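Inspection log for the structure reproduced underneath, given as structure tokens.
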Amino acid sequence: MHQNRPRSLTQDVAEHVAVQALSFIAAEPERLGAFLAVTGIGPGQIRAAAKEPGFLAGVLDYLSTDESLLLAFAAEAEFPPELIEKARAVLGSSDWERETP
């Protein structure tokens, strides 16, 4: 199942990068508000959503849509920006969508 994913990064490392990205987004109310608006989830739903398949890829997809945000995260986490894109590739493109009742 993982044959099409890059071998240079493990699933665990990619997930770690995405969790750090989510923490970075959540650390600042303005960033978190924008993320929540795009994803359609509420602040209290983040932990549950983070356990859903595709959500962490979605976090990295979100970062990738805003170069200044991606570069700010990369600088704060001391990651080369390419690592974020590689992690995104390992996790796959996001098909995550909030389930609407």
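For segment 22-54, the residues whose backbone nitrogen is under 18 Å from a point 7 Å from the Cα of E76, taken along Cα to Cβ, are 22-39, 43, 46-47.
Checking every one of the GluC sites (Glu not before Pro) in segment 10-101 against DSSP loop status and a limit of 15 other Cβ atoms within 10 Å picks out E78, E97, E99. For segment 11-91, the alpha carbon positions stretch 30, 25, 17 Å along the principal axes, listed from largest to smallest.
Sites listed here are trypsin sites (Lys or Arg not before Pro) in segment 9-101 whose DSSP assignment is loop and whose Cβ has at most 14 other Cβ atoms within 10 Å: K51, R98.
Any read-out appearing in this document is the output of simple, stated calculations on the displayed coordinates, not a laboratory observation. As the structure is a prediction and not an experimental result, all values here were calculated from the model. We place every Cβ from the backbone using ideal geometry, glycine too, and count neighbours over all the protein chains shown.
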